[in-house]
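Report on the structure given below.
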Amino acid sequence: MILFLAYAAVCFSLLSALCALLMRQRNNLMSLTQTCCARYPAQLRHCKDWLEANGYPRRIQLTSFVLLGISAVSAILAGLSVLLSQAVVTDQLSLGLPWLPWHVRFDSLSGLFYLIIGIAILAVACYGPGYVKDDDEQAHPFAVLGLFTGLFIAGMLLVLLADDAFFFMIAWELMSVASYFLVAFQHENSTNRRAAFVYLIMAEVGAIMIILAFGVLAAFADGFTFDALRRIGLSETWSSIAFVLALLGFGMKAGLAPLHVWLPEAHPVAPSHISALMSGVMLKVAVYGLIRFSFDLLGDIQWQWGVALMILGAFSALAGILYAMMQANLKRLLAYSSVENIGIIFMVLGLAMIFLAKGHPQLAALGLIAALLHAFNHALFKNLLFLGAGIIQHQVHQLNIELMGGLIQRMPDTSKLLLVACMSIASLPLFNGFVSEWLAFQTALQVDVLADGVLRSLIPVAAAALALTAALAAACFVNLYGIVFLGQARSSHSAKAQECDDKGMRLSLALLAALCFLFGIFPGLIINLIESVSLQLLGHSLPNPNAAGWLWLAPVGAEQASYAAPLVLLGVLIAGGISFRYLRRDPAMALRQSETWDCGFGGITPRMQYTGGAFTMPFRRIFAKVWRLEEQIDRQTDDIGLQVSDIHYQLHVEDHCWPSLYQPLERSVNRSARLIGRIQTGNIRTYLAYSFATLLLLLWIIS
């Protein structure tokens, strides 16, 4: 039954893709009808009127998203079933090569990520119909969007089911190539084409690294199945080589700095619900791949791997949030924030590796659970943020946060739901982001059990970087929420914005916001499920058997540290009730409304407000070396030249990794493509010579 639900999730996502193809047939039928109507208007015009009057395109879109919703429910049920039962289900499909069938394995690790994907797809299924209903079918056909969305989701689910290297890479490439077409969906913009090109290059380079990592293992095994790879005993050198290759491959797909620059290029240009899936879910599939490869296939963890992961994760977290603070584009800011959160996940995975290699499996379990919990939580609030950004873009018609403002008055429901997301990602208590980061700190604080002096000095530095990251994240999203929703409208589009009238789009945000609050108040619900993953991979759970009760969370012991979110919520409600009652009873403290003090200037204007650039200026001065900054101030004076009449300020922030890493790679690929293109001479004799030379080479190799 469990495997049936897992297969059903894949099948319904593929059916959604096939359903979207019906829109292409509808477009062909409309074109044929228009041609016929031009020749025989009296006889055939009613065919076109019937197609338009019966809502045929809209029904196809709704059916496609309904199938995605069924796929999501199947994935959620499959994930919950395998996590609760702690079962391991295997199967074999005769869909590969005749001598290499596809092997399937569905266990607790796969089930957790199935649950993550299922929740995200369910939100997208509710959100999608309202988002695409106003799209221009000629410029942006739904057949393309729906087809590759279904294939993209099916690819991610198949990656989680794969139990051999061959099947894994087929599913991985399906996920990567389908998401490339989604990034390039609005291909009329050169920025989108460039972002899609960079994404495809980095995806394929990462895939090559993963293939090489599997190749190292397969060279010492008697097959490509994961069972065969688990049985081999690699030397420390070869296992380290395989781990480094896997880290490069999966880290590139996850957006780990400095391999992250494709992420802020690709995510902002994709449709918002696709950006939510890519940032909230696809990056987690890369995390799954690294965990599966390191903890499951390699098995014998080296502490040096953990140090590398911890350092790279801390660097990625700090760099990601610093770059996010400088962004004016809303979706680009959220993309850099994903770099930060992926860094946190990798850093805690590194701590888990260190404790496991040093003989402390229970503390390793604490680190692994903290990393998996943060992956789950990040999927919730990052999907909420990207879907909310899509609503803002849909209503305000722009993504520049400096041109927004005052949306809390015009979009009150959206502002409340996105406030939950901002508080979650800023790791404030009572929301889910706080719990996973608190567990990450608890993992780092157990450093005193290690005898290695270098590690005892290095881990607190990483923990300090995590603390700085958390503080900067709070400042970043205070800035984001304040500039976007508070104050006065900074543009005519913001002044005319209205609340989204589509119930499905608002329902998707409400669902994710409710889950962020639910798992922030009762984190034990999801931690108890994640413990089955730790038991499967490490054979151990949290150090404290009663760590994840419904009331208290004490991962190591109540005498060291504990967190009781329900009691904190009760205290907040009591304090709020007392304050409200006091304000209502005391006339002197009664709330009143009045005009904002304008300092005698004759009225507040939008230009007098704080901008995002002004808010982040102190951080920009402190961390100036982190970015490539270009500030330009243009002053215009009157005819005499004595008085300044106008001032224009421009700030350009660029990632250091782009000119040093990505541009050389892009140029080398373009140069190689031009060289390879020279073989296309158009001369049949040349092509026959190529075939003859190839035949001679193959005969020589075979003989």
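The values are calculated or read from the model by the stated rules, or taken from the named source; none is laboratory data. Everything numeric in this text was worked out from a predicted model, so none of it was measured. For neighbour counting, all protein chains shown are included, and Cβ atoms are generated from backbone atoms with ideal geometry for every residue, glycine included.
None of ASP222, ASP227 is assigned to a loop (DSSP other than H, G, I, E, B) and farther than 30 Å from LEU21 by Cα except ASP222. Against the criterion of being assigned by TED's automatic domain parsing to the domain that holds SER541, of a type outside the set (Asp, Glu) and either more than 21 Å from GLY487 (Cβ to Cβ) or in a helix (DSSP H, G or I) (or both), GLN398 does not qualify. Of the residues LEU384, LEU373, the single one that is surrounded by 24 or more Cβ atoms within 10 Å (Cβ to Cβ), within 25 Å of ILE483 (Cα to Cα) and modelled with pLDDT of 90 or more is LEU384. Out of ALA218, ALA178, ALA213, one residue alone is in contact with a Gly (Cβ under 7 Å, 6 or more places away or on another chain) and free of Cβ contacts under 8 Å to residues at least 60 places away in the same chain. It is ALA178.
Of all residues in region 482-491, those satisfying the criterion of being part of a helix (DSSP H, G or I) and buried (at least 20 other Cβ atoms within 10 Å of the Cβ) are ILE483, VAL484, PHE485.
Which of the residues belonging to region 337-382 are under 14 Å from the mean Cα position of the chain (by Cα) and over 21 Å from PHE250 (Cβ atoms)? LEU380, PHE381, listed by residue number. Count, please, the residues in region 401-428 that happen to be small (Gly, Ala, Ser), part of a helix (DSSP H, G or I) and under 18 Å from the mean Cα position of the chain (by Cα). The number of residues fulfilling the criteria is 2. Restricting LEU229, LEU283, LEU234, LEU259 to residues that are modelled with pLDDT under 85, buried (at least 24 other Cβ atoms within 10 Å of the Cβ) and on the phi < 0 side of the Ramachandran plot narrows the list to LEU259.
Is one or more of the residues making up region 563-572 at pLDDT 75 or above and either under 30 Å from ALA319 (Cβ atoms) or in the same structural domain as MET404 (by TED's automatic domain parsing) (or both)? Yes - at least one qualifying residue is present in region 563-572.
Being out of contact with any helix residue (DSSP H, G or I) (no Cβ under 6 Å at 6 or more places or on another chain) and either under 24 Å from CYS657 (Cβ atoms) or modelled with pLDDT under 90 (or both) holds for only one residue in MET310, MET326, MET347, and it is MET326.
Report yes if ALA246 is out of contact with any strand residue (DSSP E or B) (no Cβ under 7 Å at 6 or more places or on another chain), at pLDDT 90 or above, assigned to a helix (DSSP H, G or I) and buried (at least 23 other Cβ atoms within 10 Å of the Cβ), otherwise no.
So ALA246 passes the test.
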